[in-house]
Amino acid sequence: METTETPELLLPEQPKPGLILGEEAKYFLHTAGRWATFLGIMGFIGTGFVVIIAIFISAFFSLIGRLNPAASQMPTSMSGVFTFVYLLVAVFYFFMSYYLYQFGTSIKSGTLLNDATLATKAFKNLKSHLKLIGITTIVAISFYILIIIIVLIVGVGAASLSR
């Protein structure tokens, strides 16, 4: 006895709906957006303070150089280094704040208007914010490891010289 199998009809795949958020999830995202906007604004203010500090550090070292001629070489040469480092920190801080602020404003609008395009833009900015924080963390950890290695090498070298 032979059984004949009838092939099942191949139905075209139905497109799967995207992420559908309930009202509670939208509320949480909207609240997170308000906090992100606030933190972004605070970050912009903090960036301004860092830039002001960078300018005053340069002026402070120049003043030290003028007041104390014996120590005039070191402070003036270090003022450029400190100013550069502080301005570099300000640039990173600005972009972290910018991406967070953009996330906050976009997700608030996206949840209020039920606009998936705005929500996608918001999540793109959140991704950029978190990526920048991650890269900064990796650089900082690498820097700490490098400092530990240098301290160990200098410590061993100093210990071997004291014998």
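Values in this text are rule-based calculations from the coordinates and carry no lab data. Keep in mind that what you see is a predicted model, and the values were worked out from it rather than measured. As a convention, Cβ positions derive from the backbone with ideal geometry for all residues, glycine included, and neighbour counts pool all protein chains shown.
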From the phi angles alone, apply the Karplus equation (6.51, -1.76, 1.60; θ = phi - 60°) to region 97-104 and give each ³J(HN,Hα) in whole Hz, x where the residue is Gly or Pro. 5, 4, 5, 5, 5, 4, 4, x
Using 0.36 nm per residue, how much length does the chain from Leu161 to Ile45 gain when fully extended, once their Cα-Cα distance is taken away? 36.8 nm
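Determine the sum of side-chain charges near Met96: Lys and Arg each +1, Asp and Glu each -1, restricted to other residues whose C-beta is under 14 angstrom from that of Met96. Provide the component values of the computation, followed by the final result.
Working: positive: Lys127, Lys131; negative: none.
Here the charged neighbours net out to +2.
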Förster radius 45 Å - calculated FRET efficiency between Phe84 and Phe123 (Cβ-Cβ, nearest 0.05): 0.85
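Per 0.36 nm of contour for each residue apart, how much would the distance between Thr137 and Glu23 grow if the chain were fully extended, relative to their Cα-Cα spacing? Mind showing how you got there, number by number?
Details: separation 114, 0.36 × 114 = 41.04 nm, distance 3.47 nm.
That pair, Thr137 and Glu23, stretches by 37.6 nm at full extension.
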